[in-house]
Amino acid sequence: MKNYLNFESDIKNLEVELEKLKDPYNQEGLSEVDTEKISKVQLEIENKLKEIYSNLNPWQTTQVARHENRPHAKFFIENLFEELIPLAGDRFYGEDKSVITGFAKFNQRSVLVIGQEKGEDLDSRIERNFGMMRPEGYRKTIRLMKLADKFNIPIIIFIDTPGAYPGVGAEERGQAEAIAKSIECCMELKVPTISVIIGEGGSGGAIALASSNKVLMLENAIYSVISPEGCATILWRDPKKTLEAAKAMKLSSKDLLKLNIIDEIIPEPIGGAHRNKDLILNNVKNSIEKNLLELNSISRDEILNHRKNKFLSIGRNKGFKGKPDSFDNLAMKEDFFQKNIFFIKKNKFKILMFFAILALIYFFYFL
């Protein structure tokens, strides 16, 4: 059974009509299939999908990104990679099933695959915690990313989460620290890293794994610091103002590409990725191939600098000030007095020893 979003009612009616036309055993009994009318309705559906999906507002894009039939990380991992060796556990607390991790082959080359998985039905969604990672999930990915860096293995990450899990247990086990450590680890890697936002890229739960050399995004995916509902509740005390919130946050792929927060938009089939999974699979594969080939041609140090400069440049080509030629001026500026105070505090023991020795010399030679 197909699931339709609230703005797809016209498409639903046309597809119901199409199914009736294709069925020779309809309510009127056995009848001849009208192929001409079927073709006409199919063309109407196609035109309607183009009309609707070419003019989606940010809130409608959010609904498409959350569509329950949309392909998840497990689908991409199973169909894009070979010889997957799943790895589990953070070696501190336990296993987090909301993130799939393991080493695999992509075009005959070893890669580390990480994917935030929401689940496909109610049971699997509960097991996967709806894609919301706990601290042990982030620590697991840190452990494996460091292992991949040690053996010079590229990392490919699929992001699809409403956010990090906000439960009491997760906070007690250090959720914020785990996210911060994950970002730090991503920024220090000297191997190519590619993040693909395939659905929701929500809050710190997403950025923890999206600090990559290349951030790719499906056309109807979203990437934001908070959900539109959460933003509307905080700003207007009204969770119904989701459209205004979604517009203000610039969470769509087109807006984020203009702001240079993402590097590439991967086109989706008309009507969303869930309508043609083979096509979106091929598009994602081609995009990963292209970007991996580009990153493989540069050295480890260049990869690190590329990632660092990419994130330092975000937000610096818009507004009153142009893009800087160098990032050296981003360091905190201190005046002469502040520098001396810091130097004295840092070396106070050595300074005291120096003056003590001077006092002893003065005492023995001059008194």
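No lab work stands behind these numbers, since they all come straight from the coordinates. All values derive from a computational prediction rather than experimental measurement. Every residue, glycine among them, receives a Cβ derived from its backbone with ideal geometry; neighbour counts consider all protein chains shown.
Results, tabulated for the structure shown:
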| quantity | calculated |
| --- | --- |
| Alpha-carbon centroids, segment 211-289 and segment 171-191: separation in whole Å | 23 |
| Cross-link reach list, lysines versus Lys345, counting only Cα pairs under 21 Å and skipping chain neighbours closer than eight places | Lys333 |
| Simple Cβ-charge dipole of the chain, Lys/Arg +1 and Asp/Glu -1, about Cα centre, in debye nearest 20 | 2160 |
| Partners for Lys48 among aspartates and glutamates (Cα-Cα distance below 20 Å; same-chain residues under 8 apart left out) | Glu8, Asp10, Glu15, Glu17, Glu19, Glu36, Glu219, Glu268 |
| Cβ-derived FRET efficiency at R0 22 Å, Glu171 paired with Phe130, nearest 0.05 | 0.80 |
| DSSP beta bridge pairing in segment 175-255, given as percent antiparallel to the nearest 5 | 10 |
| Leu312 versus Leu360: modelled label distance in nm, points set 7 Å from Cα along the beta carbon direction | 4.5 |
| Sparse-neighbour loop sites [trypsin sites (Lys or Arg not before Pro); segment 82-171; at most 11 other C-beta within 10 Å; DSSP] | Arg91 |
| Ordering of 185-194, 346-355 by burial proxy (mean other Cβ atoms within 10 Å per residue, highest first) | 185-194, 346-355 |
| Net charge over other residues, Cβ less than 10 angstrom from the Cβ of Glu200 (K, R count +1; D, E count -1) | +2 |
| Ranked list, fewest to most other Cβ atoms within 10 Å of each Cβ, for Tyr53, Tyr365, Tyr223 | Tyr365, Tyr53, Tyr223 |
| Ranked packing of 159-172, 289-302, most packed first, by mean Cβ within 10 Å | 159-172, 289-302 |
| Straight-distance crosslink candidates among lysines, where the alpha carbon sits under 19 Å from Lys50 and sequence neighbours closer than 8 are dropped | Lys2, Lys12, Lys40, Lys254, Lys277 |
| Antiparallel %, DSSP beta bridges [both residues in the chain], to 5 | 40 |
| Residues whose placed amide H lies under 5 Å from that of Ile266, excluding near-sequence neighbours | Met217, Leu218, Glu219 |
| Computed helical MRE - 222 nm, the chain, DSSP H runs ≥ 4 contributing -39500 (n - 2.57), nearest 500 | -15000 deg cm²/dmol |
